[in-house]
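The values are calculated or read from the model by the stated rules, or taken from the named source; none is laboratory data. Computed from a predicted model, the values in this text were never measured in an experiment. Methodologically, a virtual Cβ is constructed for each residue, glycine included, from the backbone with ideal geometry; neighbour enumeration extends over all protein chains shown.
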Amino acid sequence: MGITVAKLAERIEAELAGDGSAEIGAVGPVEGASETDVTFITDSAGYWGRAGEAKDARRVSELEKSRAGAVIVGRRIEGLAKPQLVVKSVDAALIEALKIFAPKLKAVTAGIDPTSQIGHDVKIGQDVSIGPWVVVEDGAEIGANSIIASGCRIGENSRVGDNCRLDSNVVVYHNCRIGNNVVIQANSTIGSIGFGYSFIDGSRKLIPHNGGVVIEDFVEIGANCCVDRAKFGNTVIGAGTKIDNLVEIAHNVVVGKCCLMAAQVGIAGSSKIGDGVVLGGQVGVADNIEIGEGTMVGAQSGVMSSVGAKQQLLWSPATDIKHAFRVIASVMRLPKMVGQLRQLSKRIEKLESAKDDKK
């Protein structure tokens, strides 16, 4: 069931330019939107000039051709007949619009499913939902209003804070601490033994990992991630950090606050990641190094040594982004340069042969 454009404008705190009577039922992309969809031009797309004029004529042309019933914009587009919802931040308005039109799923209800197994001395807060086939081991604690979905396991003496959501089949090993308002998506594992071995008497011996994991408040962890427990002390994920799917964080790593990590990032043991660091997809971080706060590392880069704060890095081994672009440009020219080198070699051979003949 939809709402009118005017009502949508009110709910996302937008200034309405145009007719607000049409009904909107979803959010859609510019190219694929229907008459009952609202579309958008994001703040970060670079479509607006300093004077507020549309900068990207091609994109605006696509918007004019779009079937969308309305568009969310950061600045009004003059001459566009389509209803416009003008907002301070398109990204923030888009988040609100997506929430409004999110699928209406069955509400989670508080209570403990009869198939779950609850150990001794377990503390469960008010209005907690524990789904089918959950195992909560002895001495564990689950805070108020948290949701533990089907198939999860909470290990001995571990704590899950208030207002958390653990999706299906999440495993939290023993002696781990998860803060408040944490989201961990399906099939992720917290507190597994780290990858640490010593070569003794001709074979690899696993080093005991007696430490734990601390995940601070408002952390979000994607699906199929692993956060290893520490050998001693704790592996730490700082408050507000957001982690994509398929990320590996090794033993004794300390991640700062409000970091972002895209899919398939791997951080080796005992590294320290500063506050606000951004790691692109498939970034690898070597062990026992430090990345300074605010540093951004581009996709598929390999950080092999410690770097300072507020750097922009790319390539492998990771280097300053401007230098990396020069390296990449040089590498892309190599095939042509190889051909030129062969031609020069042939010319030199001819010249040398001519000299020999004159002798």
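Among all residues of the stretch 204-214, there is none that is buried (at least 18 other Cβ atoms within 10 Å of the Cβ), in contact (Cβ under 8 Å) with a residue 24 or more places away in the chain and either among the polar types (S, T, N, Q) or not assigned by TED's automatic domain parsing to the domain that holds Ile130 (or both). Residues in the stretch 307-317: is at least one of a type in the set (Phe, Trp, Tyr) and either assigned to a loop (DSSP other than H, G, I, E, B) or in the same structural domain as Gly222 (by TED's automatic domain parsing) (or both)? Within the stretch 307-317 (the criterion being of a type in the set (Phe, Trp, Tyr) and either assigned to a loop (DSSP other than H, G, I, E, B) or in the same structural domain as Gly222 (by TED's automatic domain parsing) (or both)), the answer is yes, since at least one residue qualifies. For the stretch 1-47, the set of residues classified as at pLDDT 95 or above, in contact with a helix residue (DSSP H, G or I) (Cβ under 8 Å, 6 or more places away or on another chain) and closer than 19 Å to Ser89 by Cβ consists of Leu8, Arg11, Ile12, Glu13, Ala14, Glu15, Leu16, Val27, Val38, Thr39, listed by residue number. Checked against the criterion of being in contact (Cβ under 8 Å) with a residue 60 or more places away in the chain and either assigned by TED's automatic domain parsing to the domain that holds Gly179 or under 17 Å from the mean Cα position of the chain (by Cα) (or both), the candidates Ala230, Ala239 yield just one match: Ala239. Would a scan of the stretch 180-190 turn up a residue that is farther than 19 Å from Ser150 by Cβ, surrounded by 16 or more Cβ atoms within 10 Å (Cβ to Cβ) and in contact (Cβ under 8 Å) with a residue 12 or more places away in the chain? Yes, the conditions are met somewhere in the stretch 180-190.
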